[in-house]
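Undergrad: Dropping the structure in here first, questions after.
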Amino acid sequence: MKKALIIGAAGFVGSYLTEHLRDECGMEVHVTKLPTESLPEQKDRAHDLNILNKEEIVSLLFEIRPDYIFHLAAQSSVGIAWKNPALTIDINIKGSVNVMDAVRELYYKPRILLIGSGEEYGHIPEEEIPIREENRIRPGNIYAATKACQNMIGSIYAQAYDMEVMMVRAFNHIGPTQSSIFVVSDFCRQVAEIEKGLREPVMYVGNLNARRDFTDVRDVVRAYGLLMEYGEPGETYNVGRGSSVSIREMLEMIISMSGREIRVETDRNKLRPVDIPVIEADISKIHALTGWEPKIPLRQTVSETLHYWRGKV
């Protein structure tokens, strides 16, 4: 039985990836978390880990000897990155280098999947949309810059040290249990609170004109599993729906599911210093390699996310 280690499993994607690898792929799955986090369903195979401490990573790898390492640990909020760039740099760059360097000290070669972001492409000229992996990157925010750096370092480690490192540029993924610091989950939470009478029927929003490529998280983790098995070391793969919708369209879809009269107002605190107009993936590379493509309709994902918040607020 293959062993998988998910670093940073307490986040949104971690629980979905754990379930997919365990139940669909039949792997023995180990996960890491911070000491302050809890993973009740993985008690026997959950390990406390600080990725800023390389010796902790080395010790854990020698203990588990994983065949596959999924590096999910990151500061993944663009908004938080603007407010705390130093923390974002430490976690997203130093942390990933520590993971790769710890693997380099092993006497065998586990496969590693580094999770990056479609934000790395930055301001995409209209003629380059949908964006391909070989396109020039122009990161337009701190978070994107750290992920672009992780990608470049991962490629260097794969070539220089003959390591089996693959990189992903994941576009916006959404679904039930996602934190409300992310836009679709934020909208769903606000609507659920309005329905319960916990707030006035007013939605507070940021930039509604930006267009993003949204994919259900369950489709995303399927892609991660396939890339770990079939991906070529040193290569980068886009993971997304392959089409974009505006934030305004997402908002209107969510409000329509409520059936309530809701007013929309701009909250200046939700506006970013720099916001990329359009992000849209070309997913032909991963499709050609693995046959992967998204299966879950966007409206289903939004409906299930709203249902989640209705049960939570």
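The values are calculated or read from the model by the stated rules, or taken from the named source; none is laboratory data. Note that this is a predicted model, so its numbers are computed, not measured. With ideal geometry, Cβ positions are generated from the backbone for all residues, glycine too; neighbour counts draw on all protein chains shown. Quick note on the areas: whole protein, heavy atoms, side chains included, nothing else; ligands and nucleic acids left out. Shrake-Rupley method; radii C 1.70, N 1.55, O 1.52, S 1.80 Å.
Undergrad: Looking at region 122-141, I want the residues that are acidic (Asp, Glu) and have a partner that is not in a strand (DSSP E or B) with Cβ atoms under 6 Å, at least 6 apart or on another chain. Which pairs are those?
TA: Final answer for the pair search is GLU128/ASN135; GLU133/LYS285.
Undergrad: Which of the residues spanning region 1-21 are assigned to a helix (DSSP H, G or I) and either open to solvent by less than 40 Å² (accessible area, probe 1.4 Å) or within 20 Å of ALA102 (Cβ to Cβ) (or both)?
TA: The answer is PHE12, VAL13, GLY14, TYR16, LEU17, THR18, HIS20, LEU21.
Undergrad: Could you tell me which numbered condition VAL313 fails, if it satisfies all but one of (1) closer than 29 Å to LEU113 by Cβ; (2) surrounded by 15 or more Cβ atoms within 10 Å (Cβ to Cβ)?
TA: Here VAL313 clears every test but (1).
Undergrad: Could you check PHE214 against (1) without any contact (Cβ under 8 Å) to a residue 24 or more places away in the chain; (2) within 14 Å of LEU251 (Cβ to Cβ) and say which number it fails?
TA: (1) is the only condition that PHE214 fails.
Residues checked against (1) closer than 20 Å to TYR16 by Cβ; (2) assigned to a loop (DSSP other than H, G, I, E, B); (3) of a type in the set (A, V, I, L, M):
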| residue | (1), (2), (3) |
| --- | --- |
| ARG218 | yes, no, no |
| TYR224 | yes, no, no |
| LEU227 | yes, no, yes |
| TYR237 | yes, no, no |
| GLU249 | no, no, no |
| MET253 | no, no, yes |
| MET257 | no, no, yes |
| VAL264 | no, no, yes |
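Undergrad: Something else now. Suppose the filter is in contact with a Ser or Thr (Cβ under 6 Å, 6 or more places away or on another chain) and either more than 26 Å from MET228 (Cβ to Cβ) or not acidic (Asp, Glu) (or both); does ILE137 pass it?
TA: Here the answer is no, as ILE137 does not meet what is asked.
Undergrad: Ok, one more. Within region 72-97, track down each residue that is farther than 23 Å from SER15 by Cα and free of Cβ contacts under 8 Å to residues at least 60 places away in the same chain.
TA: If the condition is that a residue be farther than 23 Å from SER15 by Cα and free of Cβ contacts under 8 Å to residues at least 60 places away in the same chain, then LYS83, ASN84, PRO85, ALA86, LEU87, ILE89, ASP90, LYS94, VAL97 are the ones that fit.
Undergrad: Would you please list the contacts, defined by Cβ atoms under 7 Å and residues six or more apart or on different chains, that run from a residue in region 276-298 that is farther than 11 Å from ALA223 by Cα and among the basic types (Lys, Arg) to a residue that is modelled with pLDDT of 95 or more and assigned to a loop (DSSP other than H, G, I, E, B)?
TA: LYS285/GLU133
Undergrad: Suppose we keep only residues that are among the small types (Gly, Ala, Ser) and assigned to a loop (DSSP other than H, G, I, E, B) within region 67-85. Which one would you say is surrounded by the fewest Cβ atoms within 10 Å (Cβ to Cβ)?
TA: If we take residues in region 67-85 being among the small types (Gly, Ala, Ser) and assigned to a loop (DSSP other than H, G, I, E, B), then SER77 is surrounded by the fewest Cβ atoms within 10 Å (Cβ to Cβ).
Undergrad: A follow-up question, please. Determine, yes or no, whether ILE286 is modelled with pLDDT under 95 and either crowded, with 16+ Cβ neighbours inside 10 Å or assigned to a helix (DSSP H, G or I) (or both).
TA: In short, no.
Undergrad: Take GLU37 and decide whether it is under 20 Å from LYS109 (Cβ atoms), out of contact with any Gly (no Cβ under 7 Å at 6 or more places or on another chain) and surrounded by fewer than 19 Cβ atoms within 10 Å (Cβ to Cβ).
TA: The answer is no for GLU37.
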